[in-house]
1. Filtering segment 84-137 down to residues that are of a type in the set (D, E, K, R) and under 29 Å from residue 48 (Cβ atoms), which residue is farthest from the chain's Cα centre (by Cα)?
2. Which condition does residue 332 not pass, out of (1) outside any helix (DSSP H, G or I); (2) farther than 17 Å from residue 15 by Cβ, if it passes all the others?
3. For segment 80-104, enumerate the residues that are assigned to a strand (DSSP E or B) and not hydroxyl-bearing (Ser, Thr, Tyr).
4. Among (1) surrounded by fewer than 21 Cβ atoms within 10 Å (Cβ to Cβ); (2) touching a residue at least 12 places away in the same chain (Cβ under 8 Å); (3) at negative phi, there is one condition residue 291 misses while meeting the rest; what is its number?
5. Determine the pairs where a residue that is at positive phi, located within segment 353-380, has a partner that is of a type outside the set (Gly, Ala, Ser) with Cβ atoms under 7 Å apart, the partner being 6 or more residues away or on another chain.
6. Out of all the residues in segment 330-381, which are aromatic (Phe, Trp, Tyr) and either assigned by TED's automatic domain parsing to the domain that holds residue 185 or surrounded by 18 or more Cβ atoms within 10 Å (Cβ to Cβ) (or both)?
7. Output the residues belonging to segment 191-218 that are within 25 Å of residue 257 (Cα to Cα) and either more than 20 Å from the chain's Cα centre (by Cα) or assigned to a loop (DSSP other than H, G, I, E, B) (or both).
Amino acid sequence: MLPDVEVLILGGGCAGLSLARELASSGAGCPSTLVVEPRPHYVNDRTWCFWAADDAPLASLAQHRWQSVSVRADGRQTDVDCGRTPYRMIESSAFYDHALAGITGNPAIILERGSGVVSAPRHVDGAWSVETTAGVRRGRFLVDTRPQATPGSARSLLWQSFVGREIHTARPVFDPSRAMLMDFTGDDIAGKDDILFTYVLPTSAQRALVEVTAFSRRPIAADVLCARLDRQIARRTGAGVFTVVRTEAGVLPMGLARPAIAQSPNMVCAGLMHGAARPASGYAFQRIQSWAVACAAQLVLRHAPIGHDADPLLIRAMDRLFLSVLRNRPQIAPALFLRLFEHTDPARVIRFLSDRASLADCCGVIAGLPARPFLVQLARALGPAR
């Protein structure tokens, strides 16, 4: 039986490992910590992308970076120069290796793999008690980073569903100097309320991650998107020979309604379903790293863990209005995204999407978008209830 610990972390994904790694970096001051993770081992199962300068946290882990990204819609393409803050891609294998190396270097932290939670945590006699497949685990502080079993059961303005394949082609077909952020060119749609686009991250002339993404009112199963992905890959490879290196799929909330949760002593929920994902974009990696630093600082002092900070009021209002327009008028989404990148200083857009926006940046983003659909949505939101 493992001894009781000061910090019990449920889930060893991006959020759980990031927190454990930050705790490990505190050296001798690290509280005794147990991470409960159901996976028996880690595999290269996903990627995380973000814009960042070379000195940003974990930027050095990126396997590739792009100085330019593109958006294509309505027969037009705009190319965005992001050389000052390149668009970076971190493969999960690199992140896992980095985090695990830090964790194993501190004996105060134990990662218990192959152990699943079988019942809800209970606060008993001043400690959190969790029944797992490996036995009962107890901790003074509890950080629950587990993903929600059924994402669609939560309330969110939109859901971002995606499925992608990293492929290696027999001949050169990609331009590794530019990422295709959003390509709305397609031969079908999943439904009248869905927004679909293709995302292409080429790491060489013969290798790329090709992904189909949907913004929709409800999560879309990966197998529904696979047919479109097949066509998009064929379109880019010219029906040439290629091999699939790996696949990835997921569902992210966009505009998640945070439930009013009763305060529990010494316990917090964190991760994608608890405020990590930026509503307007779904980007979460950098936000998770910032949270991990702040939460670890509290725990090292033996203070209660903290959750993700709420976004500033202006950002929350802008994100909600933007998502509401996309939800109610999905047919104009391609033109909106194209116009945003065509008519706004790229540096402003990148700072806005990366949680570094100033008031001037927010004003620039607003000015770059057509006013009418947003005013109509605002009037609808402010109008009398029916």
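1. 137
2. (1) is the only condition that residue 332 fails.
3. Result: 80, 81, 88, 89, 90, 91.
4. (1)
5. That search, which allows pairs on different chains as well, returns 355/278; 355/287.
6. Hits for segment 330-381 are 337, 341, 352.
7. Matches in segment 191-218: 191, 192, 193, 194, 217, 218.
Conditions (1) at pLDDT 95 or above; (2) closer than 18 Å to residue 269 by Cβ; (3) in the same structural domain as residue 200 (by TED's automatic domain parsing), marked per residue:
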residue: 66; (1), (2), (3): yes, no, no
residue: 75; (1), (2), (3): no, no, no
residue: 98; (1), (2), (3): yes, no, no
residue: 115; (1), (2), (3): yes, no, no
residue: 124; (1), (2), (3): no, no, no
residue: 140; (1), (2), (3): yes, yes, no
residue: 144; (1), (2), (3): yes, yes, no
residue: 147; (1), (2), (3): no, yes, no
residue: 165; (1), (2), (3): yes, no, yes
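The values are calculated or read from the model by the stated rules, or taken from the named source; none is laboratory data. What you see is a predicted model; the values in this text were computed from it and never measured. No Cβ is skipped: glycine too gets one built from the backbone with ideal geometry, and neighbour counts run over all protein chains shown.
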